[in-house]
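Here is the structure we will look at, set down as C-alpha cells.
The values are calculated or read from the model by the stated rules, or taken from the named source; none is laboratory data. Fair warning: this is a prediction, and the values are worked out from it, not measured in the lab. Counting neighbours? That spans all protein chains shown, and the Cβs are built from the backbone with ideal geometry, glycine included. Just the protein is used for accessible areas: all its heavy atoms, side chains included, with ligands, DNA and RNA removed. Shrake-Rupley method; radii C 1.70, N 1.55, O 1.52, S 1.80 Å.
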Amino acid sequence: MSRARPKRQWALPLYVAAILLYLLLPLVIVIPMSFSNTSYLAFPPQGLTWRWYGELLRSDGWINAIYRSLFVAAMSAVVATILGTLASLALARSKRGWTVFMRWLFLGPQVVPVIILALGVLLLFTRLGLYGSYTGIIIAHSTLALPFVIMATLGVLQQTGESLEKTARVLGASPVQAFWHVTLPCIAPSVFAGFVFAFFVSFDELVISLFVMAQNETLPMRIWADVRQDLSPVVAVVATLLIIVTAMVLVPIELLRRRRAQETDLSKAH
C-alpha cells in the first residue's frame, strides 16, 4: 500500500500536465511559424525572419480589420458590461422564483448553437436595416458576451450580500450613492473581468460577423479569408500577437481576482 500511494499521487499531476500540453501545443507551434522564411505556413519553419511582421504593418487590409475589430469589441464590451452588471444586480437582489428562470434565459446566447443564432440575427437585421452596420454587429456581439459579464459579477454580488449597501442607506445615502460608493468598489474587479471577457468574445467572434458584416471585414473574417486563399505566415503573426496580448491582459486579472478573493476570505474570518 505504501508503494501504491506515491503512484496515485503522481497520477493526477501527470494527467493535468498532459491536458495542458494538449491545449498549449497548438499555441507553441504557431509562434515559430510567424518567423518562417517561406511564403506559406510551414512547421518547422525553414529559416527565421521578421519579414511577415513588416508585411502585417504595411497591409491596409489587415490594419483596417484590426482597427474595426478593436472598435466593435470595445463598444460591445461596454454595452455588455453595463447591461450585464444591471442584470446581475436585479438577479442578486430579487427574492422571487422567476430569477432562476431568468438566469438560464440569460445563458441562452451561449447555449444555442452560434450558427442558428447568426441565421436569426441575419434575418432580423435584414428587416431592420442593420445588415452590414456597426450598430447591428455591436448589438449582436454584446448579446453574445452578456452571459460572461453576468457570470463574472453575479457570484460576487451574492457573496457580498446587501448588508453594506443597507448600512449606507441607513446612514443617509441614496440608492445611487450606495451603489456607486459601496457596491461598485466591491464588485469592480469582477466587473472589469467581465468587461475583458466580453471584449475578447467580441474580438474573436467569426460566425455572426460573417453573416452580418458584409464587406466590412473584422480581424477574424480577415484571418478566415487568408486561410482559405493565401495561407501566408501573416496569419501566424496575427495569432502570435493575439496570444501575447491575451496573456498580458488575462494573467494580471486572474492574479488580481485571486488576491481580492483572499482578502475577502480574510475579512470574513476576522
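Odds and ends about this structure:
Okay, residues lined up against (1) closer than 18 Å to Leu144 by Cα; (2) in contact (Cβ under 8 Å) with a residue 60 or more places away in the chain:
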residue: Leu14; (1), (2): no, no
residue: Leu48; (1), (2): no, no
residue: Tyr53; (1), (2): no, yes
residue: Asp60; (1), (2): no, no
residue: Thr85; (1), (2): yes, yes
residue: Ser88; (1), (2): yes, yes
residue: Leu105; (1), (2): yes, no
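- Pick from the stretch 9-65, criterion under 28 Å from the mean Cα position of the chain (by Cα) and in a loop (DSSP other than H, G, I, E, B), ranking: surrounded by the fewest Cβ atoms within 10 Å (Cβ to Cβ): Ser59
- From the options Gly132, Gly136, residue that is at pLDDT below 85 and under 19 Å from Met221 (Cβ atoms): Gly132
- Within the stretch 218-247, the set of residues being over 16 Å from the mean Cα position of the chain (by Cα), of a type outside the set (A, V, I, L, M, F, W, C) and at pLDDT below 85 comprises Asp226, Arg228, Gln229, Asp230, Ser232, Pro233.
- Against the criterion of being open to solvent by 20 Å² or more (accessible area, probe 1.4 Å), under 15 Å from the mean Cα position of the chain (by Cα) and over 27 Å from Phe43 (Cα atoms), Phe211 does not qualify.
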